[in-house]
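Since the structure comes first, as structure tokens, the remarks are kept for the end.
Laboratory data are not the source of any read-out in this text; all were calculated from the coordinates shown. Source: prediction; values computed, not measured. Every residue, glycine among them, receives a Cβ derived from its backbone with ideal geometry; neighbour counts consider all protein chains shown.
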Amino acid sequence: MDQTLNDALLAACSTGNLDEVNKLIEQGADVNCKNGDGRTGLMRAAKRGYEDIVKRLIECGVDVRARDKNNDTALMGAAKHGYAIICKLLIDAGSEVNSHDNNGRTALMRAAFQGELSVVETLVEAGAELDAIDNKGRTALMESVTGFKVDVIHYLLAKGADVNKKDNEGCTCLMRASYGGYNDLAIYLLNRGADKSVKDNAGRTALQYVRNADNEELLNVLK
């Protein structure tokens, strides 16, 4: 197999050069070739939003489930960068929506943290597990709270995400919102069933996560 062709294909996928991609495929480049980190042309095109190249590679039978050295997939890259259409293309072609990388993070977690609502919707509709946890016990909802992505928070809760789930340190979404000083969000979480009496592994409640002693509104609702 011609490594020069394969290297050129990876480069063309990175720059979005569809004509070059087509030419190299016709010349015999391997659509599943990888670089030294295990990344494929599909991964590169997906994370950069090159929809036409993603379509072409899928037409050529590319492995949409391929993983790099970090166990990242093309779907994870597209999800993180907000490319909902590419996510749908990959899912329809057989990409695993609930795959975890080496840190236990899923495509849904990445999209939730970035506030990519259209991607979150696409993933959930495709069967993404709402309460999947990463290696730190964190869920997509926790990620969206940490990132203060309100639209995603509302959506995930409406779909049934567990508002009282704890991470490995016993921290909940309400504790995260309280620590961030997100008063409106904390009140919203309480209205959606967040339990302010829950304690983390150190015995602290959400009240003790409030950093600003002058934030009387938040302190009062958490008492």
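What translational diffusion coefficient, to the nearest whole µm²/s, does the range 72-204 have by Stokes-Einstein, given a Kirkwood radius computed over alpha-carbon pairs, a temperature of 20 °C and 1.002 mPa s viscosity? Write down the numbers at each step before the final one.
Values: Rh = 14.7 Å.
Rounded, D is 146 µm²/s.
Under 15 Å from a label point 7 Å along Cα→Cβ of ASN191: give me every residue in the range 139-160 with its amide N that close.
Only 150-151, 153-155, 157-158 pass the distance filter.
Mind checking the range 129-209 for chymotrypsin sites (Phe, Trp or Tyr not before Pro) that DSSP puts in a loop (not H, G, I, E or B) and that have at most 14 other Cβ atoms within 10 Å?
PHE148
How large is the helix-only mean residue ellipticity at 222 nm for the chain, computed as the sum of -39500 (n - 2.57) over DSSP H runs with n ≥ 4, divided by its residue count, in deg cm²/dmol to the nearest 500?
On the way: 13 runs with 112 residues, N = 223.
Calculated from helices alone, the mean residue ellipticity at 222 nm is -14000 deg cm²/dmol.
Per residue of the range 205-220, what does 6.51 cos²θ - 1.76 cosθ + 1.60 with θ = phi - 60° give for ³J(HN,Hα)? Whole Hz please, x for Gly and Pro, Karplus curve as stated.
The phi angles translate into 9, 4, 4, 7, 8, 5, 8, 9, 5, 8, 7, 5, 4, 5, 4, 5 Hz.
Viscosity 0.692 mPa s, temperature 37 °C: what is the translational diffusion coefficient of the chain from Stokes-Einstein with a Kirkwood Rh over Cα pairs, rounded to a whole number of µm²/s?
175 µm²/s
At 20 °C and a viscosity of 1.002 mPa s, what translational diffusion coefficient does Stokes-Einstein give for the range 84-161, taking Rh as the Kirkwood radius over Cα pairs? Give it in µm²/s as a whole number.
Reported coefficient: 177 µm²/s.
In whole Å, what three semi-axes, largest first, describe the equivalent ellipsoid of the range 1-69 built from its Cα gyration tensor (square root of 5 times each eigenvalue)?
Details: eigenvalues 44, 40, 24 Å².
In descending order, the three semi-axes are 15, 14, 11 Å.
With springs only between Cα atoms under 10 Å apart, run a GNM on the chain and tell me which of ALA78, ALA46, ALA11 wobbles the most.
Maximum among the listed residues: ALA11.
Could you work out which residue, out of THR122, THR172, THR106, moves most in a Gaussian network model of the chain, that is, has the largest mean-square fluctuation with Cα springs under 10 Å?
Greatest mean-square fluctuation among the candidates belongs to THR122.
Along the principal axes of its C-alpha atoms, what lengths does the range 163-223 span, in descending order and rounded to whole Å?
That works out to 29, 23, 17 Å along the principal axes.
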